[in-house]
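Rule-based calculations on the coordinates, nothing more; no lab input. These numbers were taken from a predicted model, which means no experiment stands behind them. Ideal geometry is used to build each Cβ from the backbone, glycine not excepted, and the neighbour counts take in all protein chains shown.
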Amino acid sequence: MGITPLSWAAGNGHEAVVKILLGRDDIDPNKPDNEGRTPLWWASRNAHQGVVKILLGRGDVDPDRPDEYGETPLWWAVFRGREVVVKLLLGRDGVIPDRLDRSGQTPLSWAASKGHERVVELLLGRDDVNPDKPDRIGQTPFSLAAGNGKAGVVKMLLGRDDVDPDMSDDSGRTPLWWAARGGHERVVKILLERDDVDPGKPDEAGETPLFWAAENGHAGVMALLQPSSSAAHRAA
């Protein structure tokens, strides 16, 4: 697999061994394995913050090198919700916090879809992160959070003026559509309280959030989306 001793040590959090190896002139601290994964990639993926600090302290370490799937050290720290490692990487020059992976998703998209609220907060604090950036099929971080029932992240993103809570993806599916399809009652309630969310907006096939709630047997969501219920909910 092409994994070097340094990558093995970094990936397993062996700080003393990492320091010994980095003290040699014939060790390349950026050497990737056969899938493009560097020692920093491995340390970040496995949340070994001590090793991450050591590697980031070197000027000859690329802090944002992606593997062959477009996944960087930051991507993995975000994906796994490793707040401390995310902070370390965001504090290093050369890290692009809005970099797209192979699927066209940003770190914020993954943090939102996983419900990692503290990581979302860190990313939203950056001026170089677009909070409403769509992926290759037009889904935004907000849409992904709604579709996965991450109510905490939904509320965080709704607190921003630069997030559209009713944006359709490439197939016409809104965040409410995704939340209803998944049966996420709490998220549906939050969205129905908004005046800028159309509860009956259909996708390109003409299927509404109510249709999909019924199709998947989500009785609670169906009750919320009934026209009379939606109106009463907004009035309340």
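Under 30 Å from the Cα of residue 19, which lysines turn up, not counting those fewer than eight places away in the same chain?
31, 53, 87
Please report Rg (one decimal) and Dmax (integer) in Å for the Cα set of the range 70-200.
Values for the range 70-200 (Cα only, Rg and Dmax): 14.1, 45 Å.
In whole percent, what relative contact order does the chain give with Cα contacts below 8 Å and a gap of six or more residues?
Values: 398 pairs, mean separation 25.4, N = 236.
In percent, rounded to a whole number, it is 11.
Mind checking the range 112-216 for trypsin sites (Lys or Arg not before Pro) that DSSP puts in a loop (not H, G, I, E or B) and that have at most 15 other Cβ atoms within 10 Å?
Answer by residue number: 126, 136, 160, 194.
With a Förster radius of 25 Å, plug the Cβ-Cβ distance of residue 189 and residue 103 into 1/(1 + (r/R0)^6) and report the FRET value to the nearest 0.05.
On the way: r = 30 Å, r/R0 = 1.19.
E(calc), rounded to 0.05, equals 0.25.
Counting helices only, and only those DSSP H runs with n ≥ 4, report the 222 nm mean residue ellipticity of the chain as the sum of -39,500 (n - 2.57) divided by its residues, in deg cm²/dmol to the nearest 500. The partial results should precede the final answer.
Details: 15 runs with 115 residues, N = 236.
Roughly -13000 deg cm²/dmol at 222 nm, from the helical runs in the chain.
Which log10 I(q)/I(0) values does the range 103-164 give at q = 0.12, 0.22, 0.24 Å⁻¹ under the Debye formula, counting every alpha carbon as one identical point scatterer?
With no solvent term, the Cα-only Debye profile gives -0.22, -0.77, -0.94.
If packing is taken as the average number of other Cβ atoms within 10 Å across a peptide's residues, how do 35-46, 200-211, 85-96 rank, most packed first? Intermediate values should be presented prior to the final figure.
Working: 35-46: 24.6, 200-211: 16.4, 85-96: 18.0.
In descending order of packing, they fall as 35-46, 85-96, 200-211.
Let me check I've understood the local charge: for residue 208, count other residues with C-beta under 14 angstrom from its C-beta, Lys and Arg +1, Asp and Glu -1. What total comes out?
On the way: positive: 173, 181, 201; negative: 166, 198, 203, 204, 207, 215.
With Lys, Arg at +1 and Asp, Glu at -1, the neighbours total -3.
Would you mind calculating the relative contact order of the range 1-92 from Cα pairs under 8 angstrom and at least 6 residues apart, reporting the percent as a whole number?
Details: 134 pairs, mean separation 24.7, N = 92.
Contact order relative to length: 27 percent.
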